[in-house]
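The values are calculated or read from the model by the stated rules, or taken from the named source; none is laboratory data. The shown structure was predicted, so the numbers you read here are calculated from the model rather than taken from an experiment. Heads up, the Cβs are rebuilt from the backbone with ideal geometry, glycines too, and the neighbour counts pull from every protein chain shown.
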Amino acid sequence: MCVLCIIMSDKPIVFVSGRMNPPTPGHMLILEKAIEEGNDMGANIKIYLTSTHNNLIGKYGKNKYIYPIKPIKGFKQDNKNKKNGYVDVKDKEYQNPLTPKQKKDFVELMLKNKFSPDKLKHVEIFFDHSEKDCNGVLRARLCALAEQNDPNKVFFVMGRETDEKERENRETYCGTTEKSINDSKTLIGKGDIKPYKQKVNCILIERTEGDSENKFSNMSGSLIRRYAILGKMPQLYDVYDGLLSKDQVNELVDLIKIGVNYQDSLSSSSESTSPKSPKTKKRRSSSSSSSSSKKSKKEGTKKKRVKRKSKRVKY
């Protein structure tokens, strides 16, 4: 299929953009809405995953070397009286444990467990932004507009933010009416209106309390990360029931632990409780032996000096 044919396609574009680190049932509600809306209007459905990932091995920044994240013992929210080795679960350096490829794999698994193959025919997941940068909400919208240049045929599906400031930021590019979308298009290039300020249609999902059918709709990624570190497996099996198998949940938890550089406190505690007396004895014996060897060396040097003196007298 030629690239030009895809770009010039007249099909609408329905897209979702987010970190999804890790993917949660709440993210699935947004993806479900995008897939349902997209299939109803015969659209191409795009899922743009961000490329953010915790720095585990160190990397070079613009002007300096950025050291990898330090090992942690847990999150502050679950260890309020502890300081050393504990970080905030929303710490920017620790909030992206999964790699982009791992996120894609889990999103695919959850979608396949939820939808029939026919429903996923026109779904495409983007995670590698090396060739085409669609990383983040702003660039994802521009990528959608690059494929469908009529903004009235571009639909951004997102959850409505509870924080007012964050909501304003995310909904800046939402056209409330067809007129507002067309107005933003005609104003492009005039004054301070730049191409990236083009408005599109937004399909907003209210973040209400989960009902009996979707009781985990408000389960955030930060809470999933906390549950993973705390080892709350029964709760996590319940959260992902119908979306991931138990083995897949176990794999997700292991990857989260690796991704935040979590160090099991049990191993360190077992080492700290082990008896130290044999080590101290060895140290004493080694110190005594070293002191005796030092004494013998000193005595040897004295004898040598004496011999030298005696030789000089004889001479």
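A compact table of results
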{"item": "Of all residues making up the range 74-93, the number that are of a type in the set (D, E, K, R), in a loop (DSSP other than H, G, I, E, B) and either closer than 19 Å to Asn21 by Cβ or in contact (Cβ under 8 Å) with a residue 60 or more places away in the chain (or both)", "result": "5"}
{"item": "Selected residue (criterion: farthest from the chain's Cα centre (by Cα)) from residues of the range 49-73 that are hydroxyl-bearing (Ser, Thr, Tyr) and in a loop (DSSP other than H, G, I, E, B)", "result": "Tyr67"}
{"item": "Every residue from the range 174-187 that is at pLDDT 70 or above, more than 17 Å from Ala146 (Cα to Cα), over 33 Å from the mean Cα position of the chain (by Cα) and not small (Gly, Ala, Ser)", "result": "Thr177, Glu178, Lys179, Asp183"}
{"item": "Failed criterion for Glu36 (all others in (1) surrounded by 12 or more Cβ atoms within 10 Å (Cβ to Cβ); (2) in contact (Cβ under 8 Å) with a residue 60 or more places away in the chain hold)", "result": "(2)"}
{"item": "Extreme residue, farthest from Ala34 (Cα to Cα), among residues of the range 154-173 that are at pLDDT 90 or above and touching a Lys or Arg at 6+ places or on another chain (Cβ under 8 Å)", "result": "Val154"}
{"item": "Residue pairs meeting the criteria (Cβ under 7 Å; at least 6 apart or on separate chains; first farther than 24 Å from Ser222 by Cα, in the range 9-24; second of a type in the set (Asp, Glu))", "result": "Ser9/Glu147; Ile13/Glu147; Val14/Glu37"}
{"item": "Criterion: among the basic types (Lys, Arg), over 11 Å from the mean Cα position of the chain (by Cα) and more than 25 Å from Gly242 (Cβ to Cβ) - qualifying residue of Lys132, Lys114, Lys104, Lys119", "result": "Lys132"}
{"item": "Sole exception among (1) touching a helix residue (DSSP H, G or I) at 6+ places or on another chain (Cβ under 6 Å); (2) farther than 30 Å from Pro12 by Cβ; (3) among the aromatic types (Phe, Trp, Tyr) for Tyr67, by number", "result": "(1)"}
{"item": "Test for Val137: is it of a type outside the set (Ser, Thr, Tyr) and over 20 Å from Ile203 (Cα atoms)", "result": "no"}
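Yes/no matrix, rows are residues, columns are (1) within 26 Å of Leu223 (Cα to Cα); (2) touching a Pro at 6+ places or on another chain (Cβ under 8 Å); (3) surrounded by 14 or more Cβ atoms within 10 Å (Cβ to Cβ):
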| residue | (1), (2), (3) |
| --- | --- |
| Ile47 | yes, no, yes |
| Ser51 | yes, yes, yes |
| Lys73 | yes, no, yes |
| Gly85 | yes, yes, yes |
| Lys121 | no, no, no |
| Arg139 | no, no, yes |
| Phe155 | no, yes, yes |
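For every residue, the table says whether it meets (1) charged (D, E, K, R); (2) without any contact (Cβ under 8 Å) to a residue 60 or more places away in the chain; (3) touching a helix residue (DSSP H, G or I) at 6+ places or on another chain (Cβ under 9 Å).
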{"site": "Lys132", "(1), (2), (3)": "yes, yes, yes"}
{"site": "Ala140", "(1), (2), (3)": "no, no, no"}
{"site": "Asn152", "(1), (2), (3)": "no, yes, yes"}
{"site": "Glu178", "(1), (2), (3)": "yes, yes, yes"}
{"site": "Asn182", "(1), (2), (3)": "no, yes, yes"}
